[in-house]
Amino acid sequence: MSELTGEDKGYFFGNTRILISSVIAGASSSLLAIILLSFIAEPYWILSGLWVLLLISGVLIFAQSHSIWEKVYLFSTALFSSLFTSFVFKSLQISNPFKMGLSGILVVFLLVLLGGLFVVIKIAFFQLFYKLLSRF
């Protein structure tokens, strides 16, 4: 089996800084989404709360020292991760996991871990898609 060169590794798996940053952005936006959905019960406040979540995530991401394309990528990663976590959280129909004690904290931990795992799966999928397109 031949060893991969820098060209074969691709952009995101070859650059560990952007990989780690995207997992952190995805997991933290998942945590913010869980906190938002736990403490806001009315549906019309959730929509405005999602805008606040996007604003907070955007400010935290765009304040970092990355190139503009990496910042846009990190913001889209945080957006998709928080939307995915919001969908999973709402489908589980948990009212407020922070009031459930240790089992609620475990649920929050597993959902944040799921958000970070979603980011890694998304990166792997786009990496495979990039390799497939680069052959043609």
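The values are calculated or read from the model by the stated rules, or taken from the named source; none is laboratory data. Small disclaimer: the values here were computed from a predicted structure and weren't measured. Because the Cβ atoms are built from the backbone with ideal geometry, glycine has one as well, and the counts that use them run over all protein chains shown.
Listed here are the residues, each with its yes/no results for (1) modelled with pLDDT under 75; (2) more than 23 Å from Phe126 (Cβ to Cβ).
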{"position": "Phe39", "(1), (2)": "no, yes"}
{"position": "Tyr44", "(1), (2)": "yes, yes"}
{"position": "Gly49", "(1), (2)": "yes, yes"}
{"position": "Val59", "(1), (2)": "no, yes"}
{"position": "His66", "(1), (2)": "yes, no"}
{"position": "Glu70", "(1), (2)": "no, no"}
{"position": "Tyr73", "(1), (2)": "no, no"}
{"position": "Ser76", "(1), (2)": "no, no"}
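Filter the range 105-136 for residues that are of a type in the set (Gly, Ala, Ser) and either under 18 Å from Ser29 (Cα atoms) or buried (at least 17 other Cβ atoms within 10 Å of the Cβ) (or both) and give the result. Within the range 105-136, Gly115, Gly116 qualify.
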